[in-house]
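Undergrad: The structure is given below, and queries will be raised subsequently.
We did not get these values from a lab; they are worked out from the coordinates using the rules stated. For clarity, every value in this text was computed on a predicted model and none was experimentally measured. Reconstructed Cβ throughout: ideal geometry from the backbone, glycine too, with neighbour counts over all protein chains shown.
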Amino acid sequence: MMSPTAATIRLTLHVLAATIWVGGQFTLAGLLPVLRKYEGSAKLAARAFNSIAWPAFGVLVVTGMWNLVAVDVTAQSNRYQVTVFIKIAVAIAAGAAAAAHIAARSKLALALGGAIGAIASVAAVFLGVLLHTGS
């Protein structure tokens, strides 16, 4: 068996946190139509999700910074650096949109925060895979 390295641990933590953050958004979105049939259940489920989603987002930020240090972005190509910059911007947008979704006071703000957060989260995953596999 191959021996795990710090890079193995770093990437595993990053992927697990992304699974919770991104996958959880889509799981909750799929459950909401059923939960809304029961008074207060949707809000309870959303609060429960937030209790694991935001720590996962924190792990994403920490492991993302760890990735930047480990890879030495300054030694990479301009295309790589631009992709990293875009990924960081998209990740910030995902977190900001999710926070706006939580703070929303109207159905429109709730919908926009959720939709933008989900799209930005998927884009961040795509860009992360691109950084790992692209050239």
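Undergrad: Project the alpha carbons of the chain onto their principal axes and report the range along each, largest first, in whole Å.
TA: 53, 36, 20
Undergrad: Sticking with this one: Among TYR38, TYR80, which comes first, second and so on when ranked by fewest other beta-carbon atoms within 10 Å?
TA: Numbers: TYR38 10, TYR80 16.
Going from sparsest to densest Cβ surroundings: TYR38, TYR80.
Undergrad: Something else now. Enter the angle in degrees (range 0 to 90, nearest 10) between the Cα long axis of helix 78-103 and the first principal axis of the Cα atoms of the chain, meaning the one along which they spread out most.
TA: 20
Undergrad: With N residues in the stretch 12-91, what two-decimal value do you get for its Cα radius of gyration over 2.2 N^0.38 Å? Don't skip to the answer; put the middle values down first.
TA: Values: Rg = 16.7 Å, N = 80, 2.2 N^0.38 = 11.6 Å.
Against the compact-globule rule of thumb, the ratio is 1.43.
Undergrad: If I fit a long axis through the Cα atoms of helix 107-133 and take the longest principal axis of the Cα atoms of the chain, what angle between them do I get, 0 to 90°, rounded to 10?
TA: 20
Undergrad: Under the rule of at least 5 residues apart or a separate chain, name every residue whose amide H is placed under 5 Å from the amide H of GLN76.
TA: The answer is none.
Undergrad: Can I ask one more? If we count other beta carbons within 10 Å of each Cβ, what is the order of ARG79, ARG105, fewest first?
TA: Details: ARG79 10, ARG105 7.
Exposure proxy ranking, most exposed first: ARG105, ARG79.
Undergrad: Using alpha carbons only, how many degrees (0 to 90, rounded to 10) separate the axis of helix 6-18 from the longest principal axis of the chain?
TA: Relative to the chain, helix 6-18 is tipped by roughly 20 degrees.
Undergrad: With +1 assigned to the C-beta of every Lys and Arg and -1 to the C-beta of every Asp and Glu, and no other charges, what is the dipole magnitude of the chain about the Cα centre in debye, to the nearest 20? Before the final figure, lay out each step's value.
TA: On the way: 9 positive and 2 negative charges, 84 e Å.
It works out to roughly 400 debye.
Undergrad: Residue by residue through the stretch 51-62, what is 3J(HN,Hα) from phi via Karplus (6.51 cos²θ - 1.76 cosθ + 1.60, θ = phi - 60°)? Round to whole Hz and write x for glycine and proline.
TA: 5, 10, 5, 5, x, 4, 4, x, 4, 4, 5, 5
Undergrad: Let me ask something additional. Please work out the Cα convex hull volume for the stretch 55-95 and give it in Å³ per residue. Mind dumping the intermediate values first?
TA: Values: hull volume 2.1 nm³, N = 41.
Dividing the Cα hull volume of the stretch 55-95 by its residues yields 50 Å³.
Undergrad: Which parts of the stretch 110-135 would a label at ASN78 reach, counting a residue when its backbone N lies under 17 Å from a point 7 Å out along Cα-to-Cβ?
TA: Backbone N within reach: 135.
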